[in-house]
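J.: First the structure, then my questions, so here it is.
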Amino acid sequence: MFKILVSLGSNIYSKQNIDKAKRMLAYYFPDVMFSQSVITIEEDERNFFPFRNVLAVFNNELPPEEIVQKLKSIEFAMGRQPKDKEMGKIIIDIDLLQYGDQILRPEDYEKEYVQTLLKEISMDKAD
């Protein structure tokens, strides 16, 4: 079993979309635990709206590619379109940050909100 860390973010109807994504993640990964949510402001001029961000941690044996495929299927099911990002409209963004001991998205992992939420949802809780 590998410990998996995932980030969720939304800036359109963010509470509803994060809650829906959490339910869908729990369907695929029943032992998932979530952090509280935090609101952040992106420094990208395309993103006009504040983001709601949440971390999720769970254990799984699937290879990272299959986990990413499930995350992308949730994004698609929720209506995420490639063109939305260009318009600064993020219905849901779900990223695999950590797989076991491997940090897959170091830039995202080092963001202040991720580090803050990590203290709350310690990876040890997934044991």
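The values are calculated or read from the model by the stated rules, or taken from the named source; none is laboratory data. Worth saying up front: this structure is predicted, and the values here are computed from it rather than measured. Note: ideal-geometry Cβ built from the backbone for every residue, glycine included; neighbour counts use all protein chains shown. Side chains included, ligands, DNA and RNA excluded: accessible areas come from the protein's heavy atoms. Shrake-Rupley method; radii C 1.70, N 1.55, O 1.52, S 1.80 Å.
J.: Mind pulling the angle between the C-alpha long axis of helix 14-28 and the longest principal axis of the chain? Nearest 10 degrees, somewhere in 0 to 90.
T.: That helix lies at roughly 30 degrees to the long axis.
J.: If you don't mind, another one. Run the helix sum for the chain: -39,500 (n - 2.57) per DSSP H stretch of 4+ residues, divided by residue count, reported at 222 nm to the nearest 500 deg cm²/dmol.
T.: Dividing the helical sum by the residues of the chain leaves -10500 deg cm²/dmol.
J.: With an 8 Å cut-off on Cα pairs and a minimum separation of 6 or more residues, tell me the relative contact order of the range 1-99 in percent.
T.: 46
J.: I would also like to ask the following. From the phi angles alone, apply the Karplus equation (6.51, -1.76, 1.60; θ = phi - 60°) to the range 84-101 and give each ³J(HN,Hα) in whole Hz, x where the residue is Gly or Pro.
T.: 4, 4, 4, 8, x, 10, 10, 4, 7, 10, 10, 10, 7, 8, 9, 10, x, 8
J.: Next question, about the same structure. With a point put 7 Å past each Cα toward its Cβ, work out how far Gln36 is from Glu66 in nm, to one decimal.
T.: Label at Gln36, label at Glu66, 3.6 nm between them.
J.: For Ile91, Ile4, give the ranking by accessible area with the largest first, probe 1.4 Å.
T.: Ile91, Ile4
J.: Follow-up question, since we're still on this one. Tell me the per residue accessible area of the range 1-109 using a 1.4 Å probe; a whole number in Å² is fine.
T.: Spelled out: the 1.4 Å probe surface of the range 1-109, per residue, equals 56 Å².
J.: Any chance you could give the angle, 0 to 90 degrees and rounded to 10, that helix 64-77 forms with the longest Cα principal axis of the chain?
T.: Helix 64-77 sits roughly 40 degrees off the main axis of the chain.
J.: A follow-up question, please. Could you check how much of the accessible area of the chain is carbon and sulfur, as a whole percent, using a 1.4 Å probe?
T.: Here carbon and sulfur together make up 52 percent of the probe-accessible area.
J.: May I pose another question? Which of the lysines could be linked to Lys20 by a straight reach, that is with a Cα gap under 20 Å, when you skip same-chain ones fewer than 8 residues away?
T.: Lys70, Lys72, Lys85, Lys89
J.: Quick one: accessible surface of Glu61, probe radius 1.4 Å, all protein chains present, in square angstrom to the nearest 10.
T.: In the full protein context, Glu61 sits at about 130 Å².
J.: With all protein chains present and a 1.4 Å probe, how do Thr116, Thr40 order by accessible area, largest first?
T.: The ranking, largest first, comes out as Thr116, Thr40.
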